[in-house]
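For reference, the structure discussed in these notes is given below.
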Amino acid sequence: MVEAADYQCDFENKWCPGCGNFGIVNAMKDALAALDLPPEKVLLVSGIGQAAKTPHFLKCNFFHGLHGRALAVATGAKIANHDIPVLVNMGDGDCYGEGGNHFLAAIRRNIDVTLLVHDNRVYGLTKGQASPTSDRGFVTRIQAEGARSDPMNPVALALSQGAGFVARGYCGSKEQLGDLIRQGLEYPGFSLIDILQVCVSFNHVNTYDWYRERVFDINGNGHQPGDLQAAMKYAHPEGGRIPTGLIYRKETVPFTQRIPRLNAGPLLGQKYDRDKVQGLIQGA
Amino acid sequence: MGIDVTVKIGGEAGQGIQTVGELLARACYQSGLYLMAVNDFESRIRGGHSFMQLRISDRPVMAPDHRVHLLIALNERTLQTHRSEIAEGGRVLFDSEAGGSDQSVLHVPVTKLAREAGGRIMANTVAAGACLAMLGAPDKALEQVLRQRFGDKKTGVLENNLKAAKSGVEAVAGVSFDWAFQWPDKAPAGKLLSGARVLALGALAAECRFAAFYPMSPATDVMVNLSGFETQLPLVVEQAEGEIAAVNMVIGASFAGVRAMTATSGGGFALMSEGLGLAGITETPIVIINSQRPGPATGLPTRTAQADLRFMLHAAQDDFPRFILAPGSLESAFETMVRAFALADKHQVPVIVATDQYFNDSLAIADKTLEVPEHVDRHIVGDADMEDPAAYKRFVFTDSGVSPRALPCNGRALVMVSGNEHQEDGHISERISDRIGQMDKRQRKFEGMQKEMRAPETVYPDSRVLLVGWGSTAGMIRESVEMLRDGGVDAGAVCFTDIWPFPETEVTEILDRCQRFYMVEQNATAQLGWLIRERTGRKFAQAVLKYDGRPFFPLEIADKVKACEEVS
């Protein structure tokens, strides 16, 4: 049996004390242990930002790439070897800003990876600029008069684009979050978990206290994840309350199953027949 | 004097110029002739002015000729634009119902005959029939091609095309043509391939299993050709949401263990720059084909250039090792692709294969066998190769700079990779010893990479003057050297395929034997010329440069070098 402790890594952590990312890493370990997946059987892919450092702080295989591009790297890796469970860690700026196009494409492909967006509504690594999910009017050193753009709503966007697994988690609800990550990993297809995350250094609006007053679990309260209309309603928080949990889930065909060639097994392991290739080239 | 005839087919985009060209090319090919077909088209789907230039010979040809012996003008504009290029004794076959043929312009009602044979769409076949008849081809030459092309279509298609071909042949019955020749009845000389197709075949031979791309002329055809094999081989070709996604997908696939590539042109390559650097610092083997076209920005999308050399050398921030290879023939392109993947794996670096629109879009005959290597060495390690897989470090310091490469989820060894500077195990690090250690490790690869580099190919290397170029212009340069020698200039050629790491010793040795050398390049500043200056201290005398987006003609090169020689 794999334990969460098996994911313990002695590499020095580089996050601020009290960072919401700690809750996310712990939930990830719980989820991986619950699935009995040992560190050597999992691949983590990340972009750039505080969130994207996550793979360094738990024991695993990882590819820590470029800002915004983690989903593209994950897509390539998954096509090459679709037996690998792939978790992607990105921040809100990373995924929804720099990587917005890849986010849309990942939904369309339904690439079978689990995307964890550490959504703290601010840029942490670059010290506190407004992000795509910051509220309009959110004041920062550079947005002194407040952010001028309206925030995007990633959950609603994913639903509108036909994503098959959409969840909203909260870094302070470790058990619920661990369970969502586990379900995301089990889901055959693209799974988005937008994680409300606290940034103790640069976001003094959306704090632990702020979230504690607002978040509530929808799955324990009778929400049926197959109900798209209800999901759309929960995608848009109202009345100062933020619904969390598995918002929507439907059966879909994951990308690698849409490629007949991959029915024979992972691309990496398929037999390469030199003589056949020579024959094809001869006849070309 | 052997056969050396050029046919030019011109008209609007959408008129099927390429179809006529391909019918002619196939007919020549199957009769055992050599040929080269160069496409010249505008960036539009309909209208405008496009042409295909088909050079037919009984010897291998790898350059277009400036003379046109037979011009097939499917519209008035072609007639006006290209009439001046007609060689002595040459003729024009003009699609016209007006009649009134004269010594050079022959009016043939191509479209009308096509309609009579069953439809306007067969104008291409009528034109091909008339053209081949004028060249003295036996009727069966085209018939065979038509049977192959339309044999499996619904009833009537083949019959109508045969009828159309016959009406074309009859329309020029009795017309004399000075450049008609005796057609051989031989087996095909090799394989009729486009540059784009041969690049795809090379990738297959190299066991490329994944390719991602974003459509961009003139690179798209490489991927079109590759995707044709998806159902037969362990291969996935994916159209990405952009070039940035394409290169990152390729990096992800390669990291996970399969050989992977992308193909693009300058603008897309610019977008891939950061990914190129990511492959550099993560030491992930990838192959990028950059099919060059004139720039900057969108430039001339459907035209040719060799103007990205400096860019390919320096793309992405800071220093890291990369290979740049620029094949100069179909056979070389096939072999270069096989080598590119092998070099990428062996040295764990990105490899850029530089081609261009002229190379990708032209058809010619590869007359050497395209040999798939017996063995593909992946240079990958597993648990069994390690004393303690738990202690595996992806970026362990080594003398060669190359660290043993394991694959993720392929054993107990954890593979940890970061585009940030890192320590030996792959975790990010800002320690000076890690930065210097990893930077030096990567730079040390140059030594091993340099040993892989081949000297440029030379023709008449002991000549007084040498013409120096790279990539796709090899055929034109070689032919221009023959012209110069026929004109009494003691000239030879130096054609680079391996450009980076720069083969300094070999190049210095070659250049020190001549009195002076001329650069021949399809860019405005002699980019290779200055690289040679930088790496060897040797300076070119003059440069023959062409950057109008059209390929060189050998005579252009020869004339310019000759003029320079006369004043020096």
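Each row is one residue, and each column tells you yes or no for (1) out of contact with any Gly (no Cβ under 7 Å at 6 or more places or on another chain); (2) part of a strand (DSSP E or B); (3) away from chain A (no Cβ under 14 Å).
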{"residue": "B:ASN225", "(1), (2), (3)": "yes, no, no"}
{"residue": "B:PHE229", "(1), (2), (3)": "yes, no, no"}
{"residue": "B:LEU233", "(1), (2), (3)": "yes, no, no"}
{"residue": "B:GLY252", "(1), (2), (3)": "no, no, no"}
{"residue": "B:GLY277", "(1), (2), (3)": "yes, no, no"}
{"residue": "B:ASP319", "(1), (2), (3)": "yes, no, yes"}
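Among B:LEU467, B:LEU407, which is within 13 Å of chain A (Cβ to nearest Cβ) and either under 27 Å from B:ARG339 (Cα atoms) or open to solvent by 10 Å² or more (accessible area, probe 1.4 Å) (or both)?
After ruling out the rest, the residue left standing is B:LEU407.
Given the criteria without any contact (Cβ under 8 Å) to a residue 40 or more places away in the chain and not charged (D, E, K, R), does A:GLY178 qualify?
So A:GLY178 fails the test.
In the stretch A:44-65, which residue that is assigned to a loop (DSSP other than H, G, I, E, B) and under 9 Å from A:ASP94 (Cα atoms) is farthest from the other protein chains (Cβ to nearest Cβ)?
Top of the filtered list is A:GLY49.
Would the stretch B:54-62 turn up any residue that is closer than 28 Å to B:SER480 by Cα, of a type in the set (Lys, Arg) and touching a residue at least 60 places away in the same chain (Cβ under 8 Å)?
Taking every residue of the stretch B:54-62 in turn, none turns out to be closer than 28 Å to B:SER480 by Cα, of a type in the set (Lys, Arg) and touching a residue at least 60 places away in the same chain (Cβ under 8 Å).
Out of the residues in the stretch B:414-431 that are in contact with a helix residue (DSSP H, G or I) (Cβ under 7 Å, 6 or more places away or on another chain) and facing another protein chain (nearest Cβ under 7 Å), state the one that is surrounded by the fewest Cβ atoms within 10 Å (Cβ to Cβ).
For the stretch B:414-431, the residue satisfying everything is B:ILE428.
Output the number of residues of the stretch B:542-568 satisfying the condition of being surrounded by fewer than 17 Cβ atoms within 10 Å (Cβ to Cβ) and among the small types (Gly, Ala, Ser).
Residues meeting the conditions: 2.
Quick one: count up the residues across the stretch B:518-534 that are open to solvent by 10 Å² or more (accessible area, probe 1.4 Å) and either of a type in the set (S, T, N, Q) or within 20 Å of B:GLU479 (Cα to Cα) (or both).
Residues that pass the stated criteria total 2.
Would you mind finding the one in B:VAL494, B:VAL489, B:VAL507 that is among the β-branched types (Val, Ile, Thr), modelled with pLDDT of 95 or more and over 26 Å from B:GLU335 (Cβ atoms)?
When all the criteria are applied, what remains is B:VAL489.
Please go through the stretch A:100-138 and give me each residue that is closer than 18 Å to A:VAL155 by Cα and hydrophobic (A, V, I, L, M, F, W, C), ordered by number.
A:PHE103, A:LEU104, A:ALA105, A:ALA106, A:ILE107, A:ILE111, A:VAL113, A:LEU115, A:LEU116, A:VAL117, A:VAL122
Pick out the one residue from B:MET249, B:MET223 that is in the same structural domain as B:MET337 (by TED's automatic domain parsing), under 16 Å from the mean Cα position of the chain (by Cα), free of Cβ contacts under 8 Å to residues at least 60 places away in the same chain and buried (at least 24 other Cβ atoms within 10 Å of the Cβ).
B:MET223
Under the condition of being in a helix (DSSP H, G or I) and either in contact (Cβ under 8 Å) with a residue 60 or more places away in the chain or within 7 Å of another protein chain (Cβ to nearest Cβ) (or both), which residue from the stretch B:235-246 is least open to solvent (accessible area, probe 1.4 Å)?
If we take residues in the stretch B:235-246 being in a helix (DSSP H, G or I) and either in contact (Cβ under 8 Å) with a residue 60 or more places away in the chain or within 7 Å of another protein chain (Cβ to nearest Cβ) (or both), then B:ALA245 is least open to solvent (accessible area, probe 1.4 Å).
Could you run through the stretch B:269-310 and say how many residues are within 14 Å of B:PRO350 (Cβ to Cβ) and either touching a helix residue (DSSP H, G or I) at 6+ places or on another chain (Cβ under 8 Å) or open to solvent by less than 10 Å² (accessible area, probe 1.4 Å) (or both)?
Within the stretch B:269-310, residues that are within 14 Å of B:PRO350 (Cβ to Cβ) and either touching a helix residue (DSSP H, G or I) at 6+ places or on another chain (Cβ under 8 Å) or open to solvent by less than 10 Å² (accessible area, probe 1.4 Å) (or both) number 18.
Given B:LEU162, B:LEU146, which one is within 18 Å of B:GLY16 (Cβ to Cβ) and in contact with an Asp or Glu (Cβ under 9 Å, 6 or more places away or on another chain)?
B:LEU162
Yes/no per residue for (1) over 25 Å from A:ALA130 (Cα atoms); (2) crowded, with 24+ Cβ neighbours inside 10 Å:
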site: A:LYS14; (1), (2): no, no
site: A:GLU40; (1), (2): yes, no
site: A:LEU44; (1), (2): yes, yes
site: A:GLY65; (1), (2): no, yes
site: A:ALA72; (1), (2): no, yes
site: A:LYS78; (1), (2): yes, yes
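For every residue, the table says whether it meets (1) part of a helix (DSSP H, G or I); (2) of a type outside the set (A, V, I, L, M, F, W, C); (3) open to solvent by less than 50 Å² (accessible area, probe 1.4 Å); (4) within 11 Å of another protein chain (Cβ to nearest Cβ).
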site: B:ALA333; (1), (2), (3), (4): yes, no, yes, no
site: B:MET337; (1), (2), (3), (4): yes, no, yes, no
site: B:ALA340; (1), (2), (3), (4): yes, no, yes, no
site: B:ILE352; (1), (2), (3), (4): no, no, yes, no
site: B:ILE365; (1), (2), (3), (4): no, no, yes, no
site: B:THR369; (1), (2), (3), (4): no, yes, no, yes
site: B:PHE395; (1), (2), (3), (4): no, no, yes, no
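From the set of residues in the stretch A:238-284 that are among the acidic types (Asp, Glu) and within 14 Å of another protein chain (Cβ to nearest Cβ), which is nearest to the chain's Cα centre (by Cα)?
Of everything passing the filter in the stretch A:238-284, A:ASP273 is nearest to the chain's Cα centre (by Cα).
Quick one: which strands (runs of 3 or more DSSP E) lie wholly within the stretch A:178-284 and hold at least 2 residues that are open to solvent by less than 20 Å² (accessible area, probe 1.4 Å)?
Counting at least 2 such residues, we get A:191-196, A:242-249.
Which of the residues spanning the stretch B:16-54 are of a type in the set (D, E, K, R) and open to solvent by less than 30 Å² (accessible area, probe 1.4 Å)?
Hit for the stretch B:16-54 is B:ASP40, nothing else.
Within the bounds of the stretch A:208-219, is there any residue that is in contact with a Pro (Cβ under 7 Å, 6 or more places away or on another chain) and more than 14 Å from chain B (Cβ to nearest Cβ)?
yes
Consider the stretch A:66-78. How many of its residues are assigned to a loop (DSSP other than H, G, I, E, B) and either touching a residue at least 24 places away in the same chain (Cβ under 8 Å) or more than 9 Å from chain B (Cβ to nearest Cβ) (or both)?
Qualifying residue count, the stretch A:66-78: 3.
When the stretch B:55-73 is examined, which residues are found to be open to solvent by 20 Å² or more (accessible area, probe 1.4 Å) and hydrophobic (A, V, I, L, M, F, W, C)?
B:MET62
Determine whether the stretch B:189-206 contains at least one residue that is open to solvent by 50 Å² or more (accessible area, probe 1.4 Å) and over 17 Å from the mean Cα position of the chain (by Cα).
No: zero hits.
Report, by residue number, each residue of the stretch A:1-43 that is modelled with pLDDT under 95 and more than 14 Å from every other protein chain (Cβ to nearest Cβ).
Within the stretch A:1-43, just A:MET1 meets the criteria.
Taking B:ASP185 as meeting all but one of (1) open to solvent by 40 Å² or more (accessible area, probe 1.4 Å); (2) assigned to a helix (DSSP H, G or I); (3) not β-branched (Val, Ile, Thr), write down the number of the exception.
Result: B:ASP185 fails condition (2) only.
I'd like to verify a number: residues in the stretch B:445-454 that are of a type outside the set (S, T, N, Q) and open to solvent by 50 Å² or more (accessible area, probe 1.4 Å), how many?
Residues in the stretch B:445-454 being of a type outside the set (S, T, N, Q) and open to solvent by 50 Å² or more (accessible area, probe 1.4 Å): 3 in total.
The values are calculated or read from the model by the stated rules, or taken from the named source; none is laboratory data. These numbers come from a predicted model, not from an experiment. Ideal geometry is used to build each Cβ from the backbone, glycine not excepted, and the neighbour counts take in all protein chains shown. These accessible areas exclude ligands, DNA and RNA; they are computed on the full protein's heavy atoms, side chains included. Shrake-Rupley method; radii C 1.70, N 1.55, O 1.52, S 1.80 Å.
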